[in-house]
Each structure stands twice: as C-alpha cells, then as structure tokens.
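Engineer: Pasting a structure below so you can have a look.
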Amino acid sequence: MTIINDRYLRALHCLPVDYTPIWMMRQAGRYLPEYRQLRALAGNFMTLCQTPELACEATLQPLRRFDLDAAIIFSDILTIPDAMGLGLYFESGEGPKFERKITNLNDIKSLPIPDPVESLSYVMDAISLTRKELAGRVPLIGFSGSPWTLATYMIEGGSSKTFTKIKKMLYSDPAALHMLLDKLAKTIALYLNAQIAAGAQSIMIFDTWGGVLSHQAYKEFSLYYMQQILSMLHQGDKNSDNILDYIPVTLFTKGGGLWLEEIKQTGCDAIGVDWTVNLSKITGRGKQIAVQGNLDPSILYADKQVIDKNVLQVLDEFGSHNGHIFNLGHGIDQNTPIENVQYFIDSVHQQSKRFHYA
Ligand code: CP3
C-alpha cells in the first residue's frame, strides 16, 4: 500500500517536503462535539478504547474536519497497567484511577508481563481497522507511555502533582523501582512491536512526567528504559528506498528541554519538544534528527493574528531545514475553540511553504 500524503513520514526521515506536516497531540478528544457524542454512545472512555469500531471512528473524527498530516490511534497510555491487572477506571471530571496500586517490592514481583497480542488485542484490532479505513490517506501513529510515566500512575494510583510516592521509592528502594521499570520496558516493547505488526507506521513514546526528575534520575530511571525499548523494537530497514519499510520512533519528554543531546543519543528518529524549547538551539536538527513541536496549546485561545505570529515564530526558529513536524508542545486543551484549531492548521500549512523548496 502506498501513502497518498507522506509528508509526515518524509519529515521523520528528514527528507524534503512542500510544507511542514502537522498533527496535534490529543487531536481526538473532548474539544470535538462529535467525540463527546461518541463517548456518550460508548458509555465510558474504556469501552470507547476497547471497541475497535468506536476507537477507529474516534481516530478518524479530527481528520474529517482538519487537514492533518497524520492520524494517531485512539487509545490511552494506561492500557498497559490495566492489562497488568491494576483495574483502570475513569470517573467523569476526574483523571485516571486504579483499583489496585503498586506500593512495594512484593507488588512489583507479582506483576505479570502480559502478552499484549492477547490482552491488548483490541488495540491491534483498532489499528488494522483504522489502516483499512484510512486507505493510505495519511500515516497512522502507534504509541505508548514511557516506563517512568506509566510507573508514576501505577505507584501514585492516578494523576499526581508532587510524585511523592514514586520519588520516595526512587530514593529509598531504587532496586524495586528498577524491577518495575524493567518489566514495563519489556511489556511496552512487546506492545509496540504488536502495534507495528498490526499496521502502525510510526511510533511515539510519551514521557509526560520525565521532566519532574533530576538530571541524573532522568537518565537512570526514564531515558535508560526508553533506550531499552528502542533496542527491542522491530523498526525495519532504514536504508530501504521505500520509506514505508522503516518505522520511525519519536521520543517526547515533557520538560526534557535540557536533555536533548542525551535523548538524541538513544538513536531515536525524532525528538518531541514542549514550548519551553527554542527550536533554533537544537543541534543537528533536520540532519541527524527530526524535531516535533512546539506551540504552546494555550495560544489556540488567542485571536487569529496571535496564532499566525506564534506559528511563524516556531517555523522561523526551526528554519529552512528538513525534518520538522509541527505539533503543540503538549495535548490540546478540551475547551479549545474549534474554529481556532482549523485556523491554526491552515496557518501552519500556508506559512510553512516558504521554508521549503521541494
Ligand atoms: O492523541 C490522540 O488523539 C490519541 C489518544 C490519546 C489519549 N490519551 C486519549 C484520551 C493519547 C495519545 C493519550 C495519551 C495519554 N494518556 C498521555 C500522554 C500524553 C499526554 O497528554 O501527556 C497521558 C499522560 C494519558 C493519561 C490520561 N488519559 C489522563 C491523565 C487522562 C485524563 C486527563 C484528561 O484530559 O481528562 C486520560 C483520559 C483520556 N485519554 C482522554 C482522552 C481523549 C479524555 C477521556 C474522556 O473522554 O473523558
């Protein structure tokens, strides 16, 4: 199968494109009325994730409205701890919660490494169905959370602002935390390889909470395990003439702007960056590595001139190199006005043309 719009994959390979491709983190979600309707129809978020036809529909919704250059499979990073038996649930208006949480070494020892092909087959089914429905229109992104980010939810029992429990374990029983992170890395590698086998055409690893760590702890407890995953992935042949023969991987550590060199050294294909990073300061961009980012999602609340100005600022900072994938610096907020999203995407396409000579 060929890809009709391959700008996103070409940018990941640092090849020339006619304009900068764009997708948005959390592009399927509550800011879309049709998503809210679909979620109501499903009854709850987990049913939406676990029913391939509905997950496929949620994936396609933002592509019907906007001229996006990639689709991301509708699911959640917390499906892995759920498959490990922790019992994920969402209460409306609140973040994710677990029926059981991880408190000590014994809990970690008894955690299974699930076979995602079986326990998360609903994700693989959603991916193959969505590939079929997309019919090559744009590439489909698969994803997972980083081991560290998943561990924060498993040990804190849900979202956290202070990360007290996991940091306490990190400093008082590091061996226990390492055992958990190792199990997660192995499970995630199996999971991502299953997603690739089902049809995911690029992979994104969300390290949403890596930025809360000290620089030493980041390397030891987050980056190291993302590197382990990379070494276990079946990415295919990077030197093939057909870009579809290789599955590029993007690592996104929110708050990781100070560690871009270290992230680059993992051998990932692209670095995702939040809005604190000045793209012109990233060395080797568009040569050795692609860059994804990084508009502050709050800018989508401002008026059109402000959106245009800030889009241009990001494009200008990256400059006339290959290898830029436009995105927000983090997920789109649920109250974002839709007409501004539309305007933003068109603004990226329009304004980026002059940065490319393909
Ligand atoms: O990007 C996409 O469109 C694909 C779908 C996607 C979701 N979650 C759907 C979702 C992706 C890629 C994620 C990743 C995810 N999930 C991350 C990493 C990215 C990031 O935002 O940092 C994290 C940390 C989670 C965990 C999670 N899931 C939280 C903290 C929440 C609740 C927070 C909130 O916004 O309410 C979720 C629920 C969730 N995942 C929703 C969606 C659309 C909202 C659920 C709903 O419909 O009520």
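The values are calculated or read from the model by the stated rules, or taken from the named source; none is laboratory data. Model, not experiment: these values are computed from the prediction. Note: ideal-geometry Cβ built from the backbone for every residue, glycine included; neighbour counts use all protein chains shown.
Engineer: Could you list, in sequence order, the residues of region 231-258 that are more than 16 Å from the ligand (Cβ to nearest atom) and buried (at least 20 other Cβ atoms within 10 Å of the Cβ)?
Structural biologist: Start the filter on region 231-258 by keeping residues that are more than 16 Å from the ligand (Cβ to nearest atom), which leaves 231-248, 258.
Matches in region 231-258: ILE247, PRO248.
Engineer: Being within 13 Å of the ligand (Cβ to nearest atom) and either of a type in the set (S, T, N, Q) or at pLDDT below 95 (or both) is the filter here; which residues of region 1-42 pass it? Lay out the reasoning, then the answer.
Structural biologist: Quick first cut of region 1-42, residues within 13 Å of the ligand (Cβ to nearest atom) only: 23-42.
Hits for region 1-42 are GLN27, GLN37.
Engineer: Do we find a residue being part of a helix (DSSP H, G or I) and more than 13 Å from the ligand (Cβ to nearest atom) anywhere in region 204-212?
Structural biologist: Start the filter on region 204-212 by keeping residues that are part of a helix (DSSP H, G or I), which leaves 210-212.
Still in the list and also more than 13 Å from the ligand (Cβ to nearest atom): none.
For region 204-212, residues part of a helix (DSSP H, G or I) and more than 13 Å from the ligand (Cβ to nearest atom): absent.
Engineer: Based on what the data block shows, is GLY199 of a type outside the set (A, V, I, L, M), within 15 Å of the ligand (Cβ to nearest atom), modelled with pLDDT of 95 or more and more than 21 Å from VAL348 (Cβ to Cβ)?
Structural biologist: Details: of a type outside the set (A, V, I, L, M): yes; within 15 Å of the ligand (Cβ to nearest atom): no; modelled with pLDDT of 95 or more: yes; more than 21 Å from VAL348 (Cβ to Cβ): yes.
No; evaluated as a whole, the condition is false for this residue.
Engineer: Turning to a different aspect of this structure: Kindly provide the set of residues from region 1-47 that are touching a Leu at 6+ places or on another chain (Cβ under 9 Å), assigned to a loop (DSSP other than H, G, I, E, B), surrounded by fewer than 14 Cβ atoms within 10 Å (Cβ to Cβ) and of a type in the set (Val, Ile, Thr), ordered by number.
Structural biologist: The answer is THR2, and nothing else.
Engineer: If you take the residues in region 60-74 that are in a loop (DSSP other than H, G, I, E, B) and near the ligand (Cβ under 9 Å from one of its atoms), which one is nearest to ILE3 (Cα to Cα)? Steps first, please.
Structural biologist: Within region 60-74, the subset in a loop (DSSP other than H, G, I, E, B) is 66-70, 73-74.
Restricting the remaining residues to those that are near the ligand (Cβ under 9 Å from one of its atoms) gives 73-74.
Details: ILE73: 17, PHE74: 20 Å.
Here the residue is ILE73.
Engineer: Quick check on region 120-137. Is at least one of its residues closer than 30 Å to SER352 by Cβ, in contact with a helix residue (DSSP H, G or I) (Cβ under 7 Å, 6 or more places away or on another chain) and of a type outside the set (Asp, Glu)?
Structural biologist: Yes - at least one qualifying residue is present in region 120-137.
Engineer: I would also like to ask the following. Which condition number does PHE143 fail, the rest of (1) within 16 Å of the ligand (Cβ to nearest atom); (2) among the aromatic types (Phe, Trp, Tyr); (3) without any contact (Cβ under 8 Å) to a residue 24 or more places away in the chain being met?
Structural biologist: (3)
Engineer: Residue by residue through region 231-262, note down the ones that are within 26 Å of ASN278 (Cα to Cα) and part of a helix (DSSP H, G or I). Outline the logic, then answer.
Structural biologist: Kept after step one, since they are within 26 Å of ASN278 (Cα to Cα), are these residues of region 231-262: 248-262.
If the condition is that a residue be within 26 Å of ASN278 (Cα to Cα) and part of a helix (DSSP H, G or I), then GLY257, LEU258, TRP259, LEU260, GLU261, GLU262 are the ones that fit.
Engineer: Filtering region 268-312 down to residues that are within 17 Å of the chain's Cα centre (by Cα) and part of a loop (DSSP other than H, G, I, E, B), which residue is surrounded by the fewest Cβ atoms within 10 Å (Cβ to Cβ)?
Structural biologist: ASP296
Engineer: Here are LEU184, LEU192: which of them is over 18 Å from MET154 (Cβ atoms) and within 16 Å of the ligand (Cβ to nearest atom)? Please lay out each step first, then the result.
Structural biologist: Working: LEU184 fails: over 18 Å from MET154 (Cβ atoms).
After ruling out the rest, the residue left standing is LEU192.
Engineer: Moving on. Just one of the numbered conditions (1) out of contact with any Gly (no Cβ under 6 Å at 6 or more places or on another chain); (2) closer than 25 Å to PHE344 by Cα; (3) surrounded by fewer than 23 Cβ atoms within 10 Å (Cβ to Cβ) is not true of PRO52; which one?
Structural biologist: The one condition PRO52 does not meet is (2).
Engineer: Name, by its number, the condition in (1) of a type outside the set (Lys, Arg); (2) under 16 Å from the mean Cα position of the chain (by Cα); (3) closer than 16 Å to ILE325 by Cα that does not hold for LEU230.
Structural biologist: (3)
Engineer: Here's a check for you: in region 313-337, which residue that is more than 14 Å from the ligand (Cβ to nearest atom) and more than 19 Å from ARG10 (Cα to Cα) is surrounded by the fewest Cβ atoms within 10 Å (Cβ to Cβ)?
Structural biologist: Per the criteria, the residue is PRO337.
Rundown of residues vs (1) over 23 Å from PRO248 (Cα atoms); (2) surrounded by fewer than 20 Cβ atoms within 10 Å (Cβ to Cβ); (3) of a type in the set (A, V, I, L, M, F, W, C), yes/no style:
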{"site": "ALA135", "(1), (2), (3)": "no, yes, yes"}
{"site": "SER144", "(1), (2), (3)": "no, no, no"}
{"site": "PRO147", "(1), (2), (3)": "no, no, no"}
{"site": "MET154", "(1), (2), (3)": "yes, no, yes"}
{"site": "THR162", "(1), (2), (3)": "yes, yes, no"}
{"site": "GLN216", "(1), (2), (3)": "yes, yes, no"}
{"site": "GLU220", "(1), (2), (3)": "yes, yes, no"}
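Engineer: I've got another one for you. Out of the residues in region 75-105 that are small (Gly, Ala, Ser) and in contact (Cβ under 8 Å) with a residue 24 or more places away in the chain, which is farthest from the ligand (Cβ to nearest atom)?
Structural biologist: Of everything passing the filter in region 75-105, GLY85 is farthest from the ligand (Cβ to nearest atom).
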